[in-house]
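Contents: one structure, followed by commentary.
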Amino acid sequence: MSTSTTTPARRSPAVAGGRRIAALARAETTLLVRNRTALMNAILLPLAFVGAFAMVADPGGAGADEATTATAVLAMLVVMGLLFVVYYNLTTAYVARREDRVLQRLLTGECTRGEILLAPAVPAAAVVVAQVLVGLAAVTALLDPPGLVNPLLVVVGLLGGLAVIGLFAVATSGLSRTVESVQLTTLPLVVVMLPFAGMFTAPGANDGVFGQIARFTPLRPVVELCWLGLAGTDASGRTLTLAETFPAAAVPVAVLAAWAVVGVLAARRWMRWEPRR
Amino acid sequence: MTPEPTDRPYAGPVVSVREARRRYGAFEAVRGVDLEVGRGELVALLGTNGAGKTSLVELVEGLAPADGGQVRVLGRDPYRERRAVVPHVGVMLQNAGFSADLTVAETARMWAGTLTRPRPAGEVLDAVGLSHRAQVRVVSLSGGERRRLDLALAVLGRPDLLVLDEPTTGLDPESRQATWRLVRGLLDDGVTVLLTTHYLAEAEELADRIAIMDAGRVVRSGTVADVVAAEPARIEFVPHDAGGAPLVLTPDDLPVLAGVPSTGHAPDRGPTAERGRVRLRTERLQEDLTTVLLWARERGLRLHELEARPASLEQAFLALAEAGGAPDHQTGRTTHVTEGTAA
């Protein structure tokens, strides 16, 4: 135990922060792997749901070509991943850490609050990305693959969706007394977000007032960005070129940014660091 | 909040608290406390439940801002300059938790990964006697083992200052001794320690200085010897006559004693005689005991159950607690690390 003789290793703040997040994320990954229920929720549920739906319904609409079906399946996978893997599992993780008084311990250490909240999101995000990649490989092998008009927009949509849903998970954890009650507390947002996500049909099919309102719900812009990026299809169903997809992405990106602001405010309002029990 | 390490030599006190205050709504838990801890020193905070010990150490840990006064750790504000201070401070909260499904080794490795200059985890687990339990999940640990893991994490970052909130509560005597040995070893290495405890023996064993808190204030501080010296010694006896029959005396029947205030001057400090038992508190034990014994011989009295003893820390502590009306403060008030801070 040195007093002032040891010079702390000088690292840039970003590197040190990344190292701290990595240490926590590693522990979170271990915990996810050891929790069978959470692991099933994270890995099997989205895949099973998308697989079952693709078999009984026509993703992308009746009579859609294979590339459209492939895009619809991938968009559905993203939405399911964000809801089950990120929203539900992450809310559960925050509540569990809080009730176990792990958050209180972490606050005494060198991690910032942002780092503490980010760490459990790392394995969740990795699972979603892995599922999308597996999905992409599957539709490429089984169907006519989507054209990948603008992959950047897919990445933007995924990251934006992860941020918004992650922030919602932070806020929802504060409203959840126990790990078990997360099943109930996550329900309202799922019920509100899912029908408007627009993942069952290709864009443009259900335009009208409902469709216009839906564009301003949190998950719809993620789906829109997926369609834009994967197939070049915009909200009204037109097929765009790469150059045209950028301006078309403005509205969904702005909507996601607005929801991210709402997410930050909600997280600040409801997040709790000390146990509720 | 710049992450600038405080690696330049700092010569002042490691902890310096001036007139610190902390409020929870209308309740003021810390009411103007002064406290200083020098480098390499161990200061023990004593007090009844709800005296404000935890609320005070949370200010030192930088978990909450002071509502008044000044708190400095290594010369800096531990709350506002947290990033600079926190790598130098090891904290053991009263009840922080662990993820039940991680093993002891995984827990230590995770914590080490968040620290600027961690010691090897294996070395620390060894020091707290947990290396044989390294592969065991935390959920299977006993309460005492969890407390030792707590201590291991607190010392893992080579802290200059260690803040221990009731480190041995719930430990069996053997584990308590082991913890004391570990803390003494850290003191030998120059670590500064601020600890709170319910165990007066722990303070007598470890502390260079103690501070006794009551109702949010430090009511007495100094070395154990200083604090005990301020407390009078005690003489007790049950007087009987030469034939062996009990005698009922009043304080006025007693001789004039040099170290005992008369009942008229200090009714609560003077001699008492209840149900035949006479109790004296004296600041001059030897002289007054001699006077009492000579007085008894002159009158041919037999002093049954005669006791004469110097003050103990326990007696000093109880006397202060009584004077402060301590039972009123035993509200069991819990404090939360994040109280008053936004997410």
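Points worth noting:
- Taking the range B:294-326 and a reference point 7 angstrom along Cα→Cβ of B:Arg279, the backbone N atoms nearer than 18 Å belong to B:304-326.
- Total formal charge among the other residues, if their Cβ is under 12 angstrom from that of B:Leu294, Lys/Arg +1 and Asp/Glu -1: -1
- For the protein assembly as shown, the spherically averaged projection of the C-alpha convex hull amounts to 35.4 nm².
- Taking other residues whose beta carbon is less than 11 angstrom from the beta carbon of B:Asp241, and scoring Lys, Arg as +1 and Asp, Glu as -1, yields +2.
- Label-point gap, in nm, between B:His198 and A:Leu152 - each point 7 angstrom along Cα→Cβ: 6.3 nm
- Angle in degrees between helix B:313-323 and the longest Cα principal axis of chain B, rounded to the nearest 10: 80 degrees
- Figure legend: label point modelled 7 angstrom from the Cα of B:Ala100 along Cα→Cβ; residues of the range A:176-213 with amide N under 19 Å from it are A:176-183.
- Between B:Leu162 and B:Gly90, B:Thr192, B:Val193, B:Leu194, the built amide H atoms are under 5 Å apart, and every one of these is 5 or more places off in sequence or on another chain.
- Neighbourhood net charge (10 Å Cβ-Cβ; Lys/Arg +1, Asp/Glu -1) for B:Leu313: -3
- Long-range HN-HN contacts of A:Arg101 with modeled amide H, under 5 Å: none
- Here the 3J(HN,Hα) profile of the range A:136-148, calculated from phi with Karplus coefficients 6.51, -1.76 and 1.60 at θ = phi - 60°, is 4, 5, 5, 5, 5, 6, 9, 10, 6, x, x, x, 6 Hz, Gly and Pro shown as x.
- Here the simple spin-label model places points 7 Å from the Cα toward Cβ, and for B:Gln177 and A:Val15 these points are separated by 4.7 nm.
- Once the 1.4 Å probe is applied to the protein heavy atoms, the protein assembly as shown comes out at 43 Å² accessible per residue.
- Chain A, accessible surface, carbon-and-sulfur percent (1.4 angstrom probe): 69 percent
- Spin-label proximity, B:Val139 to the range A:91-127 - amide N less than 14 Å from point 7 Å beyond Cα toward beta carbon: A:96-97, A:100
- Inter-label distance, nm, simple model (7 Å from Cα along the C-beta direction), B:Ala229/B:His304: 3.9 nm
- Normalised contact order of chain A, rounded percent, pairs of Cα under 8 Å and 6 or more residues apart: 25 percent
- Relative contact order for chain B: 20 percent, from Cα pairs under 8 Å spaced at least 6 residues apart, divided by residue count.
- GNM flexibility winner over chain A from A:Gly229, A:Gly198, A:Gly63 (Cα, springs under 10 Å): A:Gly63
- Buried area at the B:A interface is about 4100 square angstrom, summed over both chains, from accessible surfaces computed with a 1.4 angstrom probe.
- With viscosity 1.567 mPa s and temperature 4 °C, the Kirkwood radius over alpha carbon pairs of chain B converts through Stokes-Einstein to a diffusion coefficient of 57 µm²/s.
- For the range A:90-107, putting each phi into the Karplus relation 6.51 cos²θ - 1.76 cosθ + 1.60 with θ = phi - 60° gives couplings of 6, 4, 4, 5, 5, 5, 4, 5, 5, 5, 7, 6, 6, 4, 4, 5, 4, 5 Hz, in residue order, rounded to whole numbers and with x for Gly and Pro.
- In order along the range A:120-125, the phi-based Karplus estimate (6.51 cos²θ - 1.76 cosθ + 1.60, θ = phi - 60°) of 3J(HN,Hα) comes to x, 6, 5, x, 4, 5 Hz; Gly and Pro are listed as x.
- For B:Ile210, distant residues with modelled amide H under 5 Å away: B:Ala44, B:Gly222, B:Thr223, B:Val224
The values are calculated or read from the model by the stated rules, or taken from the named source; none is laboratory data. None of these values were measured; they are calculated from a predicted model. Positions of Cβ are generated from backbone atoms using ideal geometry, with glycine treated the same way; all protein chains shown enter the neighbour counts. Accessible surface is based on the protein model in full, side chains and every heavy atom, while ligands, DNA and RNA are left aside. Shrake-Rupley method; radii C 1.70, N 1.55, O 1.52, S 1.80 Å.
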